[in-house]
Each structure stands twice: as structure tokens, then as C-alpha cells.
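No lab work stands behind these numbers, since they all come straight from the coordinates. Just so we're clear, the structure is a prediction, and the values are computed from it rather than from any experiment. Note: ideal-geometry Cβ built from the backbone for every residue, glycine included; neighbour counts use all protein chains shown.
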Amino acid sequence: MNKVVALAGVVIKELYRRKDVYVLFVLTALITLVIGSAKFFNDPKIVRYLVEICLLLIWVSAIVIAVGTAARQIPAECENRTIFPLLAKPVTRGQVIVGKFLGCWLACGITLVAFYLFLAIVRGSREQYWPLLHYFQALWLQWMCLGVIVAMVLFGSLIFSAPSANATICVIVIVGILLLGRHLNVVAFRQPKPLDLIVYSIYFFIPHLEWYDVRDMLVHDQPLINWLAILGATIYAAVYTATFLLLAWLRFRRKPLNA
Amino acid sequence: MDPILRIENLRVEFRSGNLRHNPKVALKGLNLAVQAGEIFGFIGPNGAGKTTTINVLLGFVNPTAGNAYLFGVNVREPIARQRIGYLPELTYYYKFLTVEELLRFYARIFGIPRREADKRIDQLLRLVELEAVRNRPIKTYSKGMQQRVGLAQALINNPELLILDEPTSGLDPIGRMKVREIIQRLKNEGKTVFFSSHELGEVETVCDRVGILHEGELCMIGRVSDLKAQFQTDLERIFLKIIGYQVHG
């Protein structure tokens, strides 16, 4: 476990020493702050729209950070050849994959905490309203969703040769699932046989990332989600994350690396 | 005494994407044993299979047939690499880290306790003369300094066996001398060194035994002094003769 944590530590260090991620982080935080503290039309209800925009921005930024970070981890190790001195140490390829995953996922978690903290402070100062448990549930579910995304992108990085191709394909798949995932069963119902079976199979096969998008709960002050449902969603994400990591390991464990 | 490094009937083939093409055979049943405390020079022309052998020993490439063992443990097991140090030909390190952070990271990979790691890092930075720049990112180092980072990381676990892949390649004469001094010092400490090199003069000076690899086969192995006595010439000429190169003029 110590080796995995050490590997994760290097990923996090790299992330906060890279300017592009830093810029994205600061930009999102700034926009959240500015939008959140501006007064539009003196309408008290406008805050909800602002919160919705801020949450959308947080989702987009978090996905960009997760995909951008995870997509280059293993390809960059191979391209910069840092993988050779690393694998010459008593570390398994499985530990490398888990370490990379943990680093990216923790980095996403830290970023999310900062984003939600900004949002909570801005909204709280405007509305004097502090739904802390709502924020916690939204943050937790988004973090679980990012776990699946990071694992999926890591797996993709071992399939596609170029990190840019992997990142583009992964973003298309993620956005596709987020926007269309919930409608696939309805689409399948309207299809003739055997196309309906194919669409149904896709519906049951893909990780339903859209379940983790609970922005409406925060925007419209809906009641808290049942904690059992949160637990179920956590297990569902853990299963998909583990599956993608297992696939990545199967792909990476026998891959010849020529120093 | 069991050898520290043992290679048995090692065969490595690389298949191209096209199934019609025959696989490229990099190693053809290599057998080799290196005893504890030896400095073994592994020499051969480009494409002879030296780096492929090192890649197998380090687990980067899986052999098509045969086995390799480090300290009696099959190289497929990561634990086989617990007591070795590896210095690649070129410097491949996380350039956003400082040398101290890099060494601490590798120390954690080896499971070295923090206090011991601190002591070891101080010693190594003194040895490779990087103490003054320990808090500067590696990307700001010169090539020679980066090569010294490589040496420090290879020694972080106080290895019993050091595998060096062309350690002096691209270094200036002072850098070469330093590497040679460090190898000699390791020999005096009773460490085993396995290194591949094109610098035959260096091999002749430093090594106890040499193995000459050509087209994936070990053509000659023996003590440097014995080979020189047998052929009545220097190592460079012995090498050229064995690989069948005709010297003109």
C-alpha cells in the first residue's frame, strides 16, 4: 500500500506543479466567485440560476481535469521513459496502475472540495443558507463518478496510442453517457428487433454517470437523497472502477517495454 | 556458491504486426552466470541483444523461452528487484521533482524507513556531489548532473547488484572518471556490478570478467586477463576478432 501511496503522491505533485491544471482550477474558482457574488436585476431568485451555472462549470472543469490528468499518466511515463527506472524497482505493474488511479482520483477530490467550498461560501453569503449535507452528497457522488471516469481513461490510455486521441474519445463517451444515458432504454423500446436488444445491452453495459449528477438537488433545494441510495451508487461506481482498473492491468501486465 | 545473476536458455523473439513475417530473434538461448562480488562487462555491437538481456532481467520484456534469476528468484517476481540498482543509459526521471523528492519517492518504493532514507539520501547526495542543488527541480540540471541523479537513485537501496546500461554514454571525461570511481568503490565494498558498454577501454580497466554477445549469442566469456593472455592482444582487438570484423590497414 505504501508503494501505491508513494506513486499517488507523485501524481498529485505533478498536477499542482503543472500550470495548465492550476490555471483551470484558478479560473473556475474565480468565475464561481465572480458569478456568485454579482447582483443581477436585484432578483433574489437569480441566485438559483447562478448556482446552476457554477455547478455546470464545476462539472465541466472536474471532467476536464480528470480526463486530462488520467489520459497522460501512463503514456507520459512511457514517452519520457520514467517507467523504466520505476519498474526496475520492486513494484508491480498493477501497483503502478492503482497508484496512478489513486493519485488522479485524490487530486480530483481535492479540486472538488475547493470548488464546493467556494460555491458554499458564495451562496451562503448571498442567501444565508448552508445546506451542508446537500453539498456533501453532491460532492461525494461527483467524486465517485470521477473515479469511474479516471479508471476508464486510464484503461483507454493503454488502448489508444496517443493521449489526445484517448482524451477526445473518452470525453465524447462521457458527455454522451451524461446527456443520453438515461434515455437509451426509451430509445430501445421504440426500436424493432433485434436492434432493441443491442440498444438495451448498451443501456445495461455502460456506467450510468448521469445518476451521479444531482445538481438539481442543490439548485432547487430538493430533499436529501436516501443514504442507502448513496451507498448503492458508491458500490455501483466502485464495481465499474474496479472493472476498468482490472482491464487496464490485463492490458498492461504483459506489455513489452523496450528501454 | 549460487550465482547472484543466472540466465538459462534465454530466448527472446519480437513479433511484428504482420504474421507473415518471421519474428525477430533478439536472444538465442543465452546462458550466463555472474557471481557475487564480480564486475561483469557485457559487450557487443549494436543490436547484439545486450539491452534486451537487461530488459528481461528488469522485467520490462518477457522471455519467449528460458528463465532468468536474480538472487535465485525468477525475474518475473517483482521481489527479485528488491536488492538491485539500475542505471539506464539516459536519464529518465520526473523532472518536476527535486533530486531529494525523487530519492525519497524511490526509497518509499523500496520500503526504506523514513529516518534511514533521510540518512541515505544525505550520503548519496554527498557521493554524487548534488548536495548544493538538492532542492532544485531536476529539469534545471545539466546532463552530467542528471546522470549523477541516475547513479544516486540506483544506489538508494544500497543494492547488492548494480545493473548499468552504458553508464558513461554521453558523459564528459570527468563524468566518466567519476562513474568509474564509483564502480571501483562499489567493487571494494563487495558489490556485484553487471554493465553493458561500448567503451572497451573502460571495460578492460574496470571488469573482472567479460561476456561478448553477438547476434543474440554469447560468443565468448572469461576473465579479462585470461582473454588477453590467450589472444595476446587488447580487448578491442579480441572483440573485433570474435565478431568477425576485418581490420583494414
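How much mean residue ellipticity at 222 nm does chain B get from its helices, if each DSSP H run of length 4 or more adds -39500 (n - 2.57) and you divide by all residues, to the nearest 500 deg cm²/dmol?
-10000 deg cm²/dmol
Return an integer: the convex hull volume of the alpha-carbon atoms of the range A:125-259, in Å³ per residue. Walk me through the numbers before you get to the answer.
On the way: hull volume 22.6 nm³, N = 135.
Spelled out: Cα convex hull of the range A:125-259, divided by residues, is 168 Å³.
Using the Karplus curve 6.51 cos²θ - 1.76 cosθ + 1.60 with θ = phi - 60°, work out ³J(HN,Hα) for each residue of the range B:152-163 in order, rounded to whole Hz, and write x for Gly and Pro.
Working through the residues one at a time gives 4, 5, 5, 9, 4, 9, 6, x, 8, 10, 10, 9 Hz.
Starting from the Cα gyration tensor of the range B:84-196, take the square roots of the eigenvalues, sort them a ≥ b ≥ c, and report rounded, prolate or oblate (rounded when a/c is under 1.5, otherwise prolate if a/b is larger than b/c, else oblate).
Taking the square roots of the gyration eigenvalues as a ≥ b ≥ c, the range B:84-196 is oblate.
Using the Cα centre of the range B:1-41 as the reference point, and only Cβ charges (+1 on K/R, -1 on D/E), how large is the resulting charge dipole? Debye, rounded to the nearest 20.
400
If you take the alpha carbon radius of gyration of the range B:1-150 and divide it by 2.2 N^0.38 Å, what ratio comes out, to two decimals?
1.25
Rule-of-thumb check for the range B:55-110: C-alpha Rg over 2.2 N^0.38 Å?
Ratio of Rg to 2.2 N^0.38 Å for the range B:55-110: 1.34.
Can you give the helix-only mean residue ellipticity at 222 nm for chain A, where every DSSP H stretch with n ≥ 4 adds -39500 (n - 2.57) and the sum goes over all residues, rounded to the nearest 500 deg cm²/dmol? Please report the intermediate quantities before stating the final value.
Numbers: 11 runs with 203 residues, N = 259.
Result for chain A, helices only: -26500 deg cm²/dmol.
How many angstrom separate the Cα center of the range B:172-213 from the Cα center of the range A:70-97?
Here the answer is 28 Å between Cα centres.
Test of understanding: ordering A:59, A:143 by Cβ neighbours within 10 Å, fewest first, what list do you get?
Ascending number of Cβ neighbours within 10 Å: A:59, A:143.
Please provide three numbers in whole Å: the alpha-carbon extents of chain A along the principal axes, with the largest listed first.
64, 53, 32
Ignore the peptide's own chain and count Cβ atoms of other chains within 10 Å of each Cβ in B:56-64; give me the average, rounded.
4
With the convex hull built on the Cα atoms of the range A:92-165, state its orientation-averaged projected area in nm².
Numbers: hull surface 24.1 nm².
Mean orientational projected area (the range A:92-165, Cα hull): 6.0 nm².
Of A:193/A:255; B:119/B:139; B:119/B:178; B:24/B:241; B:28/B:191, which pairs sit farther than 32 Å apart, going by alpha carbon to alpha carbon?
Beyond 32 Å: A:193/A:255.
Using Cα springs under 10 Å in a Gaussian network model of chain A, which residue among A:244, A:160, A:115 shows the largest mean-square fluctuation?
So, out of A:244, A:160, A:115, the one fluctuating most is A:160.
Using only alpha carbon positions, build the gyration tensor of the range B:99-159, then give the equivalent ellipsoid semi-axes as the square roots of 5 times its eigenvalues, largest first, whole angstrom.
Equivalent-ellipsoid dimensions as semi-axes: 18, 11, 10 Å.
Assuming a viscosity of 1.002 mPa s and a temperature of 20 °C, what translational diffusion coefficient in µm² per second does Stokes-Einstein assign to the range A:144-217, Rh being the Kirkwood radius over Cα pairs? If you can, show how the numbers build up before the last one.
Values: Rh = 13.5 Å.
Taking Rh from Cα pairs, D becomes 158 µm²/s.
Sticking to Cα atoms, compute the Rg of the range B:134-249 to one decimal and its Dmax as the biggest Cα-Cα distance, whole number, in Å.
Spelled out, the Cα radius of gyration and Dmax of the range B:134-249 are 16.4, 54 Å.
Can you compute 3J(HN,Hα) from phi for each residue in the range A:79-86, using the Karplus curve 6.51 cos²θ - 1.76 cosθ + 1.60 with θ = phi - 60°, rounded to whole Hz and x for Gly and Pro?
Calculated HN-Hα couplings, in order: 5, 7, 6, 6, 5, 5, x, 5 Hz.
What ranking of B:202, A:210 emerges when the number of other C-beta atoms within 10 Å of each C-beta is taken as an exposure proxy, fewest first?
With the fewest neighbours first, B:202, A:210 line up as A:210, B:202.
For the range B:35-59 and the range A:132-189, what is the separation of their Cα centres, given in Å?
45
For the range A:176-190, just list the computed ³J(HN,Hα) in residue order, Karplus coefficients 6.51, -1.76 and 1.60, θ = phi - 60°, integers in Hz, with x standing in for Gly and Pro.
Karplus-based 3J(HN,Hα) across the range A:176-190 equals x, 5, 5, 8, 10, x, 6, 9, 4, 5, 5, 4, 4, 4, 8 Hz.
Determine, for B:15, A:81, the number of other Cβ atoms within 10 Å of each Cβ, and report the residues in order from fewest to most.
B:15, A:81
Report the Stokes-Einstein translational diffusion coefficient (µm² s⁻¹, integer) for the range A:58-187, Rh taken as the Kirkwood radius over Cα pairs, at 37 °C with viscosity 0.692 mPa s.
Result for D is 201 µm²/s.
Within 10 Å of each Cβ in peptide B:48-54, how many partner chain Cβ atoms are there on average? Round it to a whole number, please.
Mean partner shielding for this stretch: 1.
Could you tell me, in Å, what Rg and Dmax come out for the Cα atoms of the protein assembly as shown?
Reported Rg and Dmax, both Å: 28.2, 99.
Roughly what % of Cα-Cα distances in the range A:65-135 sit above 17 Å, to the whole percent?
For the range A:65-135, the fraction of Cα-Cα distances above 17 Å is 58 percent.
Using packing as a proxy for protection, rank A:161-173, A:186-198 so that the peptide with the highest average count of other Cβ atoms within 10 Å comes first.
Numbers: A:161-173: 16.0, A:186-198: 11.2.
Ranked from most to least packed, the peptides come out as A:161-173, A:186-198.
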